[in-house]
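Working notes, structure below.
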Amino acid sequence: MLQIGALKLKNRLIMAPMSGITNLPFRRIVKRLGAGLVTTEMISAMGIARHQEKTFRYLKSDPEERPLSVQIFGEDPRVMAEAGRMVVDAGADLVDINMGCPARKVVKTGSGGALLRSPGRVRDIVSAVRAVCPVPLTVKTRAGWSPDEPIACDIARIVEDCGADAITIHPRFVIQRFSGSADWDIISQVKSKTGIPVIGNGDIWSASRAQEMMQQTGCDGVMIARGALGNPWIFREILDMEKGLTPRPPESGERMEIIFEHFRLLVDLMGEERAAKAMRGLLLWYTKGLPRSTRFRAAFTTIHDLDTMMAVMEAYFSLSTVSTGIPLSMTDPMAYATFGKGQSGT
Ligand SMILES: Cc1cc2nc3c(=O)[nH]c(=O)nc-3n(C[C@H](O)[C@H](O)[C@H](O)COP(=O)(O)O)c2cc1C
């Protein structure tokens, strides 16, 4: 169990914020499969403070996913505080501050990872948000801006001093972006220097890697990003392992059910056209390493209507011929791709 401020989570496993990915459907799926806490993608504090309708869409939530952490980014303490207050009014159970994003358009404004070059600003932002934020406040950061400035322990001390309730460390430097490997020793160092919970993040690709991180670093919780792409079952697998059980990877029927559910939730959220586009990207992950997946994915890009997409996915994943009428022998994904409305399918 992990407690952040007054909030007791049901376990120590956290779904990381991922821009363009951790929307409401994705969060509901990982929550069902065991994540103790889910996080929105990073949301512009300025967009919120200016009441931009488009920005507010990121705050759409559902009771199923609660508690929900909302991540904000920005560089102006007053704007960050205003946004922090507003996201709590909109239902955030926790507020997380992004201090690690390496994207050029973010760092050039002084936000995200650029904050690691301005510890004074870190102090001002965390203090300002803390002053108005009645829910737990967390900070997600990196090892520092560059290897010449390994500042994670200093940042951790600052954010703790300013009243943050937990810190997440992704131990790569901002200029590394995602290259090289995460240096878990930095998580151990931060853990030994701070009194607030430390959440470790970086390169957890499997249940056993999650256990390794907890054992090696003594971190209080783990946060998973890319390891959950196409494998939301990673949370269940970690929980199984913690109970001494053999992790249960998804059976093919279950894999299909979750993929379909993900697709349905996306359609509800964004309509068929955008959901289909998003699903094409997600299928890259969901089918990684599966037999004939390369051809399936190539074929899938040529389909545009929802019914055909559903039928083709079912044919690829399915063990059943009942609902689609597609015979199991139809194993060529190019054939799946041409199966659709107006065709007999048999
Ligand atoms: C596509 C993508 C989008 C991301 N978006 C965010 C974001 O919005 N906020 C954030 O703090 N980190 C973001 N990250 C970083 C991840 O949360 C995480 O720190 C990083 O991927 C390392 O964890 P992993 O090795 O488990 O992937 C993103 C990473 C990826 C790959």
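Data table
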{"read-out": "Complete set of residues in the stretch 34-61 that are surrounded by 19 or more Cβ atoms within 10 Å (Cβ to Cβ) and hydrophobic (A, V, I, L, M, F, W, C)", "value": "A35, L37, V38, M42, I43, A45, M46, I48, A49"}
{"read-out": "Residue in the stretch 279-294 that is farther than 17 Å from R32 by Cβ, in contact with a strand residue (DSSP E or B) (Cβ under 9 Å, 6 or more places away or on another chain) and in contact (Cβ under 8 Å) with a residue 40 or more places away in the chain present", "value": "no"}
{"read-out": "Selection from the stretch 239-288 of residues that are among the aromatic types (F, W, Y) and over 30 Å from M214 (Cα atoms)", "value": "F260, F263"}
{"read-out": "Total residues in the stretch 23-56, condition over 17 Å from V87 (Cα atoms), within 15 Å of the ligand (Cβ to nearest atom) and part of a loop (DSSP other than H, G, I, E, B)", "value": "1"}
{"read-out": "Residues (outside any loop (DSSP other than H, G, I, E, B), closer than 17 Å to A166 by Cβ and within 11 Å of the ligand (Cβ to nearest atom)) located in the stretch 193-224", "value": "I199, G200, N201, M213, V222, M223, I224"}
{"read-out": "Extreme residue, nearest to P63 (Cα to Cα), among residues of the stretch 87-106 that are within 13 Å of the ligand (Cβ to nearest atom) and assigned to a helix (DSSP H, G or I)", "value": "V106"}
{"read-out": "Pairs, first farther than 13 Å from F263 by Cα in the stretch 299-317, second among the β-branched types (V, I, T) and assigned to a helix (DSSP H, G or I), C-beta under 9 Å, six or more apart", "value": "A299/V312; F300/V312; I303/V312; F317/I259"}
{"read-out": "Some residue of the stretch 280-296 being within 22 Å of L229 (Cβ to Cβ), in a loop (DSSP other than H, G, I, E, B), among the polar types (S, T, N, Q) and modelled with pLDDT of 85 or more", "value": "yes"}
{"read-out": "Given (1) modelled with pLDDT under 95; (2) within 15 Å of the ligand (Cβ to nearest atom); (3) aliphatic (A, V, I, L, M), number of the condition M1 does not satisfy", "value": "(2)"}
{"read-out": "Counted residues, the stretch 162-179 - those being over 23 Å from K108 (Cα atoms), surrounded by fewer than 23 Cβ atoms within 10 Å (Cβ to Cβ) and without any contact (Cβ under 8 Å) to a residue 60 or more places away in the chain", "value": "2"}
{"read-out": "Filtered residues of the stretch 110-144 (kept if in a loop (DSSP other than H, G, I, E, B) and within 15 Å of the ligand (Cβ to nearest atom))", "value": "S111"}
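The values are calculated or read from the model by the stated rules, or taken from the named source; none is laboratory data. Not measured: the values here are computed from a predicted model. Cβ atoms come from the backbone with ideal geometry, glycine included; neighbour counts cover every protein chain shown.
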